[in-house]
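Here's the structure we're looking at; comments come further down.
The values are calculated or read from the model by the stated rules, or taken from the named source; none is laboratory data. Predicted model, so just to flag it, every value in this text is computed and none were measured. No Cβ is skipped: glycine too gets one built from the backbone with ideal geometry, and neighbour counts run over all protein chains shown. In case anyone asks, the SASA skips ligands and DNA or RNA and just uses the protein heavy atoms, side chains included. Shrake-Rupley method; radii C 1.70, N 1.55, O 1.52, S 1.80 Å.
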Amino acid sequence: DQQVKQNSPSLSVQEGRISILNCDYTNSMFDYFLWYKKYPAEGPTFLISISSIKDKNEDGRFTVFLNKSAKHLSLHIVPSQPGDSAVYFCAAANAGKSTFGDGTTLTVKP
Amino acid sequence: DGGITQSPKYLFRKEGQNVTLSCEQNLNHDAMYWYRQDPGQGLRLIYYSQIVNDFQKGDIAEGYSVSREKKESFPLTVTSAQKNPTAFYLCASSPTGFSNQPQHFGDGTRLSIL
């Protein structure tokens, strides 16, 4: 049973527009949520995170929203740039262990 | 330049042989992790260690073994008991084992069993 799900395997947006990546989770014990970005043949790199006691965290072009009642989080990228094209993983953490979703491949077209 | 080094980048082994993947970090992090990634899937936790000389099984530990004798090193052995070892393996570390600390990843080792 997958505890963290990213239901969209891929997303394509035009440069300058908003990219919205979604993630759902089932375990209410998760207390921290993180987004990682991964380029081919490289390891993931940390992008942004949010504590379970908050509903929004912003860092430049990246904003993460958390809806605890719906067990849903989303990553907004505004404006999207071609260099944002990568695989984005959502992760949910509890007791020091992270559970990852399957990833969403974002393509930003010039 | 601090980071995590995984070697080798590509590894080929014959079926039935044990193989050890190297992971070294110079970030002075206490916690280290091993993940497996299969095509189109997310990262699944194999083993993790929050302090030297201590480690715990993750979600898919069967067929794998680890050691943590030094803070900077966390090698992973893929044994012949692992039924389907061909995969991409990622090592990560974090300052401590707390959930609010992002993990830093190496660039991975792609293991292929011939």
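Annotations
- Residue match in the range A:78-90 (condition: at the interface with chain B (Cβ under 8 Å from one of its Cβ atoms) and surrounded by 13 or more Cβ atoms within 10 Å (Cβ to Cβ)): yes
- Among residues of the range B:4-28 that are under 11 Å from B:THR77 (Cβ atoms), those with a beta-carbon under 7 Å from a residue that is of a type in the set (D, E, K, R) at least six positions away or on a different chain give the pairs B:VAL19/B:ARG13.
- In the set (1) open to solvent by less than 50 Å² (accessible area, probe 1.4 Å); (2) within 11 Å of another protein chain (Cβ to nearest Cβ); (3) at negative phi, the condition left unmet by A:PRO9 is number (1).
- On the stretch given as the range A:45-65, residues that are within 16 Å of A:THR99 (Cα to Cα) and of a type in the set (D, E, K, R) total 0.
- Some residue of the range A:21-28 being at pLDDT below 95 and surrounded by fewer than 19 Cβ atoms within 10 Å (Cβ to Cβ): yes
- The set of residues from the range B:32-41 being touching a residue at least 24 places away in the same chain (Cβ under 8 Å) and over 12 Å from the mean Cα position of the chain (by Cα) comprises just one member, B:ASP38.
- Residues that are more than 7 Å from chain B (Cβ to nearest Cβ) and open to solvent by 40 Å² or more (accessible area, probe 1.4 Å), drawn from the range A:96-110: A:THR105, A:THR107, A:LYS109, A:PRO110
- The listed residues are A:PRO82, A:PRO44, and the only one of them that is closer than 29 Å to B:GLN6 by Cα and over 15 Å from the mean Cα position of the chain (by Cα) turns out to be A:PRO82.
- Count - residues of the range B:42-63 that are within 12 Å of the chain's Cα centre (by Cα) and closer than 20 Å to A:LYS37 by Cβ: 3
- Residue list for the range B:1-36, restricted to those being at the interface with chain A (Cβ under 9 Å from one of its Cβ atoms), closer than 19 Å to A:LYS38 by Cα and not in a loop (DSSP other than H, G, I, E, B): B:ILE4, B:GLN6, B:TYR33, B:TYR35
- Tally of residues being over 15 Å from A:THR99 (Cα atoms) and surrounded by 15 or more Cβ atoms within 10 Å (Cβ to Cβ) across the range B:33-42: 0
- The lone criterion from (1) under 24 Å from A:ASP31 (Cα atoms); (2) in contact (Cβ under 8 Å) with a residue 60 or more places away in the chain left unmet by B:THR79 is number (1).
- When A:PHE65 is tested against the conditions (1) touching a Lys or Arg at 6+ places or on another chain (Cβ under 9 Å); (2) within 30 Å of B:SER7 (Cβ to Cβ), the lone failure is (2).
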